[in-house]
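One structure is given below, encoded as structure tokens.
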Amino acid sequence: MNWKPNKWIATGLNLATMPLGLVYAGAPRLGALLFGGALLLACAIFFLLPGPLANGAMVVLQLTLVVLGLTLGYRVASRAPPRAVRPGYTRWYGLLAIALLYLMVVVGLRACFYETFRAPSTSMAPTIRAGANLLVQKWGYGHVSAYGMTLASRPISAPLKRGDIIAFDFPLDPTQQYVKRVVGLPGDKVQYRERQVFVNGGATRVRALDAYFEPDRLEAMPRFENSLDGVRFDTLLNETDPGAGERLVRDHGCVYEHLVQACEVPPGHYFVMGDNRDNSYDSRFWGFVRSDQVLGKVVRIMQ
């Protein structure tokens, strides 16, 4: 008996994952071409467009793929000629193998190599604005995880430097991911006094810059150029907030005396801070980040 793909099954499979419906309908090359094209377009949107614009473009792309998948699945299956022998890739086990391979590739890439994040707040402004898309390198940082699931943990093989921006599991709630800048490495002595940061006795602030206009607050904020191990970056202060000394952490290697917070970073830990100093919940308030909580280093900011 000749076999012909069912147009409704093809449409349903395409609704779930567009290539599967086309593969089932006997058009695997078309499915691979459309899947590759959609992947390249998604990468172009992510890397080339600013954060808010990229988010809108991604929604348009997803809706377009849904409509295209439904249309192509129905039409390709309807026009497919009957076959004397049904190809193995159109059977349930062939489709399942393709789906599992796709899942393994996607999870493997996100777990071991690169993962995307979105900045949820202005705690890293002006370097990272709220809503910016971030590409995080995970290879070498020991945290094998994807979609909120930790698969394995290994020692860091790509040591972090002062000034690096990292993504990490929040120590007080590992279900949340934070993005901050590394200020202190294991063994460093970090001081926070007079709203300035000193690492091993050296000041990190270089000079004052022109004020930064904060869109969320509709006000200008003092901006300063800073340097850590050759990494230059800007930080912000809020003139209406004189500091939060009463909330600064006083244990886990930190003391607070005479309006000065002093911390010695223990082995296997990092002291992190947000560039928006008075709008950042960071190591000053809850302590250090363990090395096994580091997800990876931010290598690209799209905003």
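The values are calculated or read from the model by the stated rules, or taken from the named source; none is laboratory data. These figures come from a predicted structure and were not determined experimentally. For neighbour counting, all protein chains shown are included, and Cβ atoms are generated from backbone atoms with ideal geometry for every residue, glycine included. The protein model used for the area step is the full one, side chains on, heavy atoms only, and it has no ligands, DNA or RNA in it. Shrake-Rupley method; radii C 1.70, N 1.55, O 1.52, S 1.80 Å.
Assorted remarks:
- Verdict on ASP169 being under 18 Å from TYR270 (Cβ atoms), crowded, with 18+ Cβ neighbours inside 10 Å and not aromatic (Phe, Trp, Tyr): yes
Every residue, every condition in (1) over 18 Å from TRP92 (Cα atoms); (2) under 32 Å from the mean Cα position of the chain (by Cα), yes or no:
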| residue | (1), (2) |
| --- | --- |
| TRP8 | no, no |
| THR11 | no, no |
| ASN14 | no, yes |
| THR17 | no, yes |
| LEU22 | no, yes |
| ALA27 | no, no |
| LEU30 | yes, yes |
| GLY37 | yes, yes |
| CYS43 | yes, yes |
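- Boolean, THR116 is among the polar types (S, T, N, Q), in a strand (DSSP E or B) and either touching a Gly at 6+ places or on another chain (Cβ under 9 Å) or in contact (Cβ under 8 Å) with a residue 24 or more places away in the chain (or both): yes
- Where a residue in region 205-232 is more than 30 Å from PRO159 (Cα to Cα) and its partner, wherever it lies, is assigned to a strand (DSSP E or B) and of a type in the set (Lys, Arg), with Cβ under 9 Å and at least six apart: ALA208/ARG223; LEU209/ARG223; ASP210/ARG223; ALA211/ARG223; TYR212/ARG223
- Members of region 98-145 that are of a type in the set (Lys, Arg) and either open to solvent by 60 Å² or more (accessible area, probe 1.4 Å) or within 20 Å of GLU214 (Cα to Cα) (or both): ARG118, ARG129
- Filter result (touching a residue at least 12 places away in the same chain (Cβ under 8 Å), under 27 Å from PRO5 (Cα atoms) and open to solvent by 30 Å² or more (accessible area, probe 1.4 Å)) within region 33-74: LEU34, PHE35, LEU65, VAL66, LEU68, LEU70, LEU72, TYR74
- In summary, GLY245 fulfils each of the numbered conditions (1) open to solvent by less than 20 Å² (accessible area, probe 1.4 Å); (2) touching a Phe, Trp or Tyr at 6+ places or on another chain (Cβ under 8 Å); (3) at pLDDT 95 or above; (4) farther than 25 Å from ASN133 by Cα with the single exception of condition (3).
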